[in-house]
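This report concerns only the one structure given below.
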Amino acid sequence: MSTVFLTGASGFLGGHLLRELLAAGHQVKALSRRPETDAGITAQGGIAVRAALDDTASLAQALAGCEAVFHAAADTSMWRPQAAAQTATNVGGTENLLRAAEAAGVKAFMHTSSVSAYSHLVNTTMREDVPQRGGESWVNYERSKYLSEAAVRNSSLPWIVFNPSHILGPGDQHNWARLIMLVDQQKLPGIPPGSGAFADVREIASAQVRAWQRQRFGQCYLLGGEHASFVALVHLIGVALQRRTPKGAMPPWLLKSYARIVDTWSRLSGKEPDITPESAALTCHHLLVDSSKAKAELDYRETPLDALLADKLAWMRQQSMLKAPA
């Protein structure tokens with residue numbers, strides 16, 4: 001089997017990619033920047049490799065003997081003071097990795113982008129033929145994902161790009177897990193007025209490996225899931241946890257105004273706020289994603305939201321992240 005280089009292995013999606021690649025019989029060299037993340041990688045059977053996306057020498061050494069790269073690492077910050085560092089990681093880091101992969105003779109580059117490359121400026125159902133608008137966005141995360149994906153598309157390497165929507169499932173200790181814990185603790189101050197497409201992290205990882213196995217080079221795939229409003233999602237969580245939840249959504253103007261106020265204060269305190277104007281804009285957006293291409297070509301499946309949420313909550317209980325039922 002092949003030797004693969006994986007970035008983001010200590011993260012949510014990257015951890016599932018590591019398991020999927022190992023289960024398929026591949027040897028996985030996983031980028032690890034700190035000793036703390038080595039143990040989790042090696043415990044699963046991967047090889048922890050000390051490297052960094054801003055260190056081209058370390059990347060060249062790490063990529064030696066690798067046939068393919070799965071690039072899942074990214075900076076997902078929504079706080080403007082971190083924009084420069086985010087661009088350096090998402091864009092500069094991807095460009096460094098591409099150059100190192102080209103020099104090492106890597107034969108395939110699988111890139112985890114995001115629906116954010118299309119941007120919240122797109123107000124129609126996202127399909128692969130819909131023009132991306134991330135390059136126009138004032139949200140740096142969207143712009144950086146657009147630019148990093150463009151770098152991959154312009155590469156001389158055989159590439160495949162994946163654009164997941166809202167990723168949900170076991171293994172997430174931040175992102176949606178934080179929302180679930182706020183509901184569990186009955187500390188959720190309000191519900192955003194937007195909606196999302198909730199994708200199963202396990203199906204995303206499986207689809208990426210199948211795309212590589214089927215050599216779908218030069219193709220991009222939107223990987224979505226069941227559409228639901230954030231109100232519906234929070235109510236599902238509340239029922240499952242037997243917790244009270246707000247009845248309706250916050251008005252968009254109120255959420256955005258509050259975000260501007262706390263963002264201004266954060267510049268004085270130097271502490272990243274729980275919500276920013278960027279995250280407010282995204283959670284007021286109604287995201288619609290068509291996964292037809294991935295379903296037809298990669299056997300991608302959209303797990304029903306209630307089943308996906310049940311798996312997520314079961315995992316969180318196993319990790320003692322939730323209180324006992326009321």
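Quick notes on this structure:
- The residue of region 38-64 that is nearest to residue 91 (Cα to Cα), among those that are among the aliphatic types (A, V, I, L, M) and in contact with a Ser or Thr (Cβ under 7 Å, 6 or more places away or on another chain), is 53.
- Residue list for region 256-302, restricted to those being hydroxyl-bearing (Ser, Thr, Tyr) and touching a strand residue (DSSP E or B) at 6+ places or on another chain (Cβ under 8 Å): 291, 300
- Of the helices (runs of 4 or more DSSP H) lying entirely inside region 1-77, not one contains at least 2 residues that are without any contact (Cβ under 8 Å) to a residue 60 or more places away in the chain, touching an Asp or Glu at 6+ places or on another chain (Cβ under 6 Å) and surrounded by 16 or more Cβ atoms within 10 Å (Cβ to Cβ).
- Residue check, residue 147 farther than 20 Å from residue 11 by Cα, in a helix (DSSP H, G or I) and of a type in the set (A, V, I, L, M): yes
- Residue that is surrounded by the most Cβ atoms within 10 Å (Cβ to Cβ) [pool: residues in region 109-127 that are part of a loop (DSSP other than H, G, I, E, B) and not hydroxyl-bearing (Ser, Thr, Tyr)]: 120
- Summed over region 272-326, residues that are without any contact (Cβ under 8 Å) to a residue 12 or more places away in the chain and either closer than 21 Å to residue 170 by Cα or touching a helix residue (DSSP H, G or I) at 6+ places or on another chain (Cβ under 7 Å) (or both) total 5.
- Put simply, of 130, 106, 152 the only residue that is touching a strand residue (DSSP E or B) at 6+ places or on another chain (Cβ under 7 Å) and assigned to a loop (DSSP other than H, G, I, E, B) is 106.
- Top-ranked residue of region 281-323 - restricted to ones that are among the small types (Gly, Ala, Ser), under 19 Å from residue 163 (Cα atoms) and outside any loop (DSSP other than H, G, I, E, B), ranked as nearest to the chain's Cα centre (by Cα): 294
- Which listed residue is touching a Pro at 6+ places or on another chain (Cβ under 9 Å) and either among the charged types (D, E, K, R) or buried (at least 18 other Cβ atoms within 10 Å of the Cβ) (or both), from 283, 276: 283
Read the figures in this text as sums done on the coordinates, not as results from a lab. Since this is a predicted model, take the numbers as computed values, not measurements. No Cβ is skipped: glycine too gets one built from the backbone with ideal geometry, and neighbour counts run over all protein chains shown.
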